[in-house]
Amino acid sequence: MSLGSVITAIVTPFDDRQKVDEEAFLNLFRHLLANGSDGVVVCGTTGEAPTLSDAEHLRLVELAVGERPEGVTVIASTGSNNTAHACWMTERVTEIGADGILSVTPYYNKPNRRGLVRHFTEIGKATDKPVVLYNVPSRIGLSLDNDLLAELGQIDNLDYVKQADNDALAQIDGLGLYAGNDDGFAQALDLGAVGGILVASHLVGPQMKQMVTDPARRAEIDASLKPLYSALGVTTNPIPVKAALNLLGHEVGAPRLPLVEADESELQVIRNALTEVGLS
């Protein structure tokens with residue numbers, strides 16, 4: 001099945017008591033769908049999954065699935081460095097009705113190649129939905145090289161890769177390619193990628209969708225958005241995108257510790273970028 005071309009890794013809004021704000025989550029979900037997103041990844045890194053309980057995590061997937069219009073995809077992030085827990089979460093979100101699974105490379109314990117193959121084989125067995133492998137060496141400490149990805153692409157239900165290493169962007173036999181970084185989206189599309197799993201699409205979804213539908217203007221649009229891409233990296237994601245959304249009136253609250261709100265110097269970078277791309 002197609003999971004869409006512009007997939008937004010949706011933030012998790014919190015209220016003033018740091019509780020999940022379900023109403024704000026649904027309002028943001030609707031906003032994204034009205035502004036270029038074909039679907040969302042729920043409870044990824046941008047959704048602060050490391051600080052969510054399993055109950056909160058599953059509830060957010062349930063909310064998105066319940067609100068999902070026809071033709072919109074909900075991809076649930078269920079990755080873990082504990083294979084049993086990743087499989088359990090994958091089974092639960094499949095039962096809830098997620099359209100796909102995002103599964104990150106196991107972090108911290110650094111499994112070897114054989115361990116990685118075994119881990120992802122078990123993930124594939126835990127669902128009948130398409131699994132998107134997530135390669136993000138900057139956070140994990142190891143990388144799924146393209147030879148290994150080609151091997152993983154032969155395993156049942158492992159259908160896509162979210163590639164967050166721009167230097168490794170390439171078509172892989174057996175896997176559809178998703179850009180994992182905003183600043184690699186145009187490059188990935190030029191390579192024939194399915195699309196991107198993105199953060200800037202919270203703010204400039206229509207422009208990012210136009211990069212898919214209007215290849216002749218892709219480079220121009222991409223160049224115009226570079227100040228925003230840069231500002232969204234001024235500190236650890238999702239601190240900047242949450243700040244930007246709050247500045248634009250979307251009330252998603254502060255991150256949970258150990259992440260903290262953007263400071264004044266970071267906010268000024270974000271404000272300047274929003275002005276430069278015409279959002280304020």
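The values are calculated or read from the model by the stated rules, or taken from the named source; none is laboratory data. Predicted model only: the values in this text are computed from it and were never measured. All Cβ positions, even for glycine, are placed from backbone atoms using ideal geometry, and neighbour counts span all protein chains on display. When the accessible area is computed, the model is the full protein with side chains, heavy atoms only, and any ligands, DNA or RNA have been set aside. Shrake-Rupley method; radii C 1.70, N 1.55, O 1.52, S 1.80 Å.
Of all the criteria given as (1) open to solvent by 60 Å² or more (accessible area, probe 1.4 Å); (2) touching a residue at least 60 places away in the same chain (Cβ under 8 Å); (3) of a type outside the set (Val, Ile, Thr), the one not satisfied by LEU259 is (1).
One residue alone among ILE101, ILE96, ILE155, ILE75 is closer than 22 Å to THR51 by Cβ, touching a Ser or Thr at 6+ places or on another chain (Cβ under 6 Å) and β-branched (Val, Ile, Thr), and that residue is ILE101.
Of the residues making up region 187-212, those that are open to solvent by 10 Å² or more (accessible area, probe 1.4 Å) and either at pLDDT below 95 or out of contact with any Gly (no Cβ under 7 Å at 6 or more places or on another chain) (or both) are GLN187, LEU189, ASP190, LEU191, GLY192, ALA193, VAL199, LEU203, GLN207, GLN210.
Six or more apart or on different chains, Cβ under 6 Å: which pairs go from a residue in region 180-204 that's under 16 Å from LYS226 (Cα atoms) to one that's among the acidic types (Asp, Glu) and at pLDDT 95 or above? Could you list them? Listed by first residue and then by second, the contacts come to ALA186/ASP222; LEU198/ASP182; VAL199/ASP182; ALA200/ASP182.
Report whether or not THR78 is open to solvent by 10 Å² or more (accessible area, probe 1.4 Å), touching a strand residue (DSSP E or B) at 6+ places or on another chain (Cβ under 8 Å), in contact (Cβ under 8 Å) with a residue 24 or more places away in the chain and under 14 Å from ASN157 (Cβ atoms). Against the criterion (open to solvent by 10 Å² or more (accessible area, probe 1.4 Å), touching a strand residue (DSSP E or B) at 6+ places or on another chain (Cβ under 8 Å), in contact (Cβ under 8 Å) with a residue 24 or more places away in the chain and under 14 Å from ASN157 (Cβ atoms)), THR78 does not qualify. Kindly indicate whether any position in region 55-70 is in a loop (DSSP other than H, G, I, E, B), under 24 Å from GLN171 (Cβ atoms), charged (D, E, K, R) and open to solvent by 20 Å² or more (accessible area, probe 1.4 Å). No, region 55-70 contains no residue that is in a loop (DSSP other than H, G, I, E, B), under 24 Å from GLN171 (Cβ atoms), charged (D, E, K, R) and open to solvent by 20 Å² or more (accessible area, probe 1.4 Å).
For region 38-54, a residue qualifies if it is surrounded by 16 or more Cβ atoms within 10 Å (Cβ to Cβ) and closer than 16 Å to PRO238 by Cβ, and the qualifying residues are VAL40, VAL41, VAL42, CYS43, GLY44, THR45, THR46, GLY47, GLU48, ALA49, LEU52.
Of all residues in region 258-280, how many are at pLDDT 95 or above and in a loop (DSSP other than H, G, I, E, B)? Count: 9. Any residue in region 1-16 that is modelled with pLDDT of 95 or more, within 14 Å of ALA76 (Cβ to Cβ) and open to solvent by 40 Å² or more (accessible area, probe 1.4 Å)? The answer is no, given that none of the residues of region 1-16 is modelled with pLDDT of 95 or more, within 14 Å of ALA76 (Cβ to Cβ) and open to solvent by 40 Å² or more (accessible area, probe 1.4 Å).
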